[in-house]
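Structure first, commentary second.
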Amino acid sequence: MNDTILKALNIRKAYREGSISTQVLRGASMEARRGMATAIIGRSGSGKSTLLHILGTLDTPDSGSLMFNGEDLTKLSDSQKAAFRSKNLGFVYQFHHLLPDFSALENVMMPLLIAGMGMRQARQRAAEYLSLVGLEGKFSSRPSEMSGGERQRAAIARALCPRPSLILADEPTGNLDAKNAQAVFDLFTTLTKKDGAAVVMVTHDNSLAARCDRVLTISDGVIADA
Ligand code: ADP
Ligand code: MG
């Protein structure tokens, strides 16, 4: 069985502002495998977020291919990309991006409802995942009524509860203190392993990266095995 779920090949990306062009990615290649957590490390400004957005079809490369289960995602229309993301991807960001006017339960239910799940089943699944991340007492709390670590746990529950096959995380514990960061990271990797998902995590924290199955370094627009 081929465990590769996503394969990026020779990705190039430049940002143009007026007459100035910055070449951020210069032929970056990597793959993500089922049941495996891959860390991407690199200094600030090296293109980690740019690469992650391209892997998640939120940004388009200038050239290169992005194969997901044999299909080139760069060839999809915008609406096909949105449908692809809803069905297959989970995103976790440094800042939780929870909606402030909704409870933790409603926030976690949101992607399930968008994907077409019925209200009753969505509520059940969201409750299950909030409990898995240790927030069983916080279903009706709004983000403002939760601690930083709790908000990030809720964001992880929201990303994982549709059971996406690929999870992209950009500094998911970047806002937490060291102790919380490690606890949230361990929870995150345990849950993704349980579901057999592939994880690609950008981080500048080498000690967290070292706990992943594989560490890749991005430098000068290309990716190397650390
Ligand atoms: P990292 O996540 O590794 O810190 P980024 O991918 O955010 O790096 O940024 C890589 C480079 O691309 C930086 O020099 C940044 O200023 C530039 N960049 C990122 N996004 C844009 C954008 N939308 N427009 C112009 N330049 C950008
Ligand atoms: Mg970044």
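Bear in mind that the values in this text are calculations on the coordinates, not laboratory data. These figures come from a predicted structure and were not determined experimentally. Reconstructed Cβ throughout: ideal geometry from the backbone, glycine too, with neighbour counts over all protein chains shown.
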Pair SER44, ASP72: separation of 7 Å Cα→Cβ label points (nm): 3.8
Value of Rg/Rh across the stretch 1-44 [Cα atoms, Kirkwood radius]: 1.14
Computed over the stretch 101-226: relative contact order in percent, which uses C-alpha pairs under 8 Å that are six or more apart: 21
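Considering every pair of different Cα atoms, what Kirkwood radius, in Å, is found for the chain? Show your work: numbers first, answer last.
Numbers: mean 1/r = 0.0557 Å⁻¹.
Every distinct Cα pair counted, the radius reaches 18.0 Å.
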Alpha-carbon centroids, the stretch 83-152 and the stretch 195-226: separation in whole Å: 26
Cα coordinate range in the stretch 5-123, projected on the principal axes (Å, largest first): 50, 33, 29
Ordering of 209-218, 46-55 by packing [mean C-beta count within 10 Å, highest first]: 46-55, 209-218
Chymotrypsin sites (Phe, Trp or Tyr not before Pro) within the stretch 92-188: DSSP coil, no more than 14 neighbouring Cβ in 10 Å: PHE95, PHE102
Potential lengthening between MET119 and ARG26 on full extension [0.36 nm per residue; Cα-Cα distance subtracted]: 29.0 nm
Lysine pair number, Cα distance threshold 17 Å (strictly under), the chain, separation 8 or more or different chains: 5
Net charge dipole size for the stretch 63-169 [Lys, Arg +1 and Asp, Glu -1 on Cβ; Debye, nearest 20]: 140
Farthest toward positive dipole pole in the chain [+1 Lys/Arg, -1 Asp/Glu at C-beta], among LEU52, GLN121, SER103: GLN121
Inter-probe distance in nm under a simple model that places probes 7 Å from Cα toward Cβ, at LEU58 and ASP213: 2.4
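Evaluate the relative contact order of the stretch 1-149 (contact order divided by residue number), counting alpha-carbon pairs under 8 angstrom at least 6 apart; express in whole percent.
Averaging sequence separation for qualifying contacts and normalising by length gives 19 percent for the stretch 1-149.
Where does the stretch 20-87 land on the Kirkwood hydrodynamic radius, alpha-carbon pairs, in angstrom?
13.4
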Hz values of 3J(HN,Hα) by residue in the stretch 177-187 - Karplus curve (6.51, -1.76, 1.60), Gly and Pro given as x: 6, 4, 5, 5, 4, 5, 5, 5, 4, 4, 4
Most fluctuating residue given options SER86, SER63, SER77, as computed from a GNM of the chain linking Cα atoms under 10 Å: SER77
Choice from ARG12, ARG120, ARG151 showing the highest fluctuation, given a GNM over the chain with Cα pairs closer than 10 Å: ARG120
Equivalent ellipsoid, the stretch 102-193 (semi-axes from 5 times Cα gyration tensor eigenvalues, Å): 21, 15, 10
Of ALA197, ALA157, ALA127, the one that fluctuates the most in a GNM where the chain has Cα springs shorter than 10 Å: ALA127
